[in-house]
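Data first, discussion second: the structure below is written as structure tokens.
Quick note: the coordinates plus some simple rules give every number you see, no bench work behind them. If you're wondering where the values come from, they're calculated on a predicted model, not measured in any experiment. All Cβ positions, even for glycine, are placed from backbone atoms using ideal geometry, and neighbour counts span all protein chains on display.
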Amino acid sequence: MSTEPANRLRPASSPAANMRPLKRIAGDGRRVALHLAIAGVHPDSHRARRLAAATAEHVRLFCTPAINLFPDDAEPIETYTGCSYYPVKSLEQKNASQTNIWSIDTVRETSDAGTSLLPPFQSLQHGMGAHLGPYWAVSRDEARRAPKKPVDPKDKKAGKTASPDEIAEQRRGVELALIDRGGQPADPGHRKLAIRLSCTQGDLSAMRERELVLRAGDRVGTIALLNRPTRSRPPAFRYGELWNLSSLLVPQAIRLDNGGLAQMTRLCARWAEYSVDAGRRFDPLVSLSTARVRRWLPGKPASAFVQGLEVRLVVDEQRFAGFSLGGFAHVMDRFFAPHVPVTSFVQIVLFSAQTGALLRRGQPCPGVQPLV
């Protein structure tokens, strides 16, 4: 799931001018049906199932999302014998301190003879050719191993205790690791590396200007934000935490009972710790249970009874005040969908911890677990 801010943009032309041709065609009609012609998508593919779930709620007139992501080059790296880890800095970071590296896209080795592509270690092409290395991998935050700059004792900040924000900022960073086919650090010798990045301008929720600054030569007119950018402070990855996250996201039947509630709560709270409530919105979850159910679902070419998974969550609704139960249920739909195959469904049911009454019964959500 991304996670970078998406904001609404308003085009420079007047909405009224854009509506005139539509009004002329529609006549006295009050409703408009939007048909999208999509080619090259197999009807049984994962992409087709995602498109089938799209509704009018996903469309805003005269607006388009602004994705806070742009390409950039990294500062050139010269490797030397005996060092396998190198910090990566984008060229844009010299002009904007908020610029963060989202991903490393390509790494090329440059020489007088030309350039050659350095393959990533984690790819489907790893080990297929005659290339013996080195390969490259990415390390973030506390997993970094590049040599740190020595502390100058004459520096005024050397003896001061860092604030929590400064400590979190020191933990952030991206480095390039050069490794061999076995995943062990490789001696790169002397090389010159050119790196292509995808960068983001970080958390822009505090920005006051609503009009975006465009690059020179851009044909678009004025672009103004309708909404304030979403707050998007990425968590500082602690050592080994991504492996922890991957293991928690693997569907396991043992996590579908009350014993899995603590793991799910801890996972959700960890990735919401920078929210307004610091992830405490998941504390009102009291119990978790599941049941195999059978529902009559409409479909093509014919409706049929379908076996599914009903996830029953008991919540303390009084402590949930101020948060949307519907929004929480939609998040749980996506969380539990990998536990059932594409031919099945998952349904989230919320009960009150005070009275046991039914609070919300969600719609059946298709599973995403492939059959093969």
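Arrange the peptides 331-339, 189-197 so that the one whose residues have, on average, the most other Cβ atoms within 10 Å appears first. Provide the component values of the computation, followed by the final result.
Values: 331-339: 17.3, 189-197: 15.8.
Sorting 331-339, 189-197 by mean packing, highest first, produces 331-339, 189-197.
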* **Under 5 Å, built H, 5+ apart or other chain: amide partners of residue 287** => 314
* Can you figure out the FRET efficiency of residue 247 with residue 105, using R₀ = 30 Å and their beta-carbon distance, to the nearest 0.05? => 0.65
* Give me the number: length gained by fully extending residue 271 to residue 196, i.e. 0.36 nm times residue separation minus the C-alpha to C-alpha distance, one decimal in nm. => 24.2 nm
* Structure fact -> Fewest-first ordering of 350, 358 by Cβ atoms within 10 Å yields 358, 350
* To do: Could you sort 324-330, 199-205 so that the peptide with the highest average Cβ count within 10 Å comes first and the rest follow in order?
  => 199-205, 324-330
* To do: Let me know the charge dipole size of the range 241-366 about its Cα centre in debye, to the nearest 20, where only the beta-carbon of Lys, Arg (+1) and Asp, Glu (-1) is charged.
  => 400
* In nm, spacing of pseudo-spin labels at residue 205 and residue 44 (7 Å Cα→C-beta vector) -> 4.4
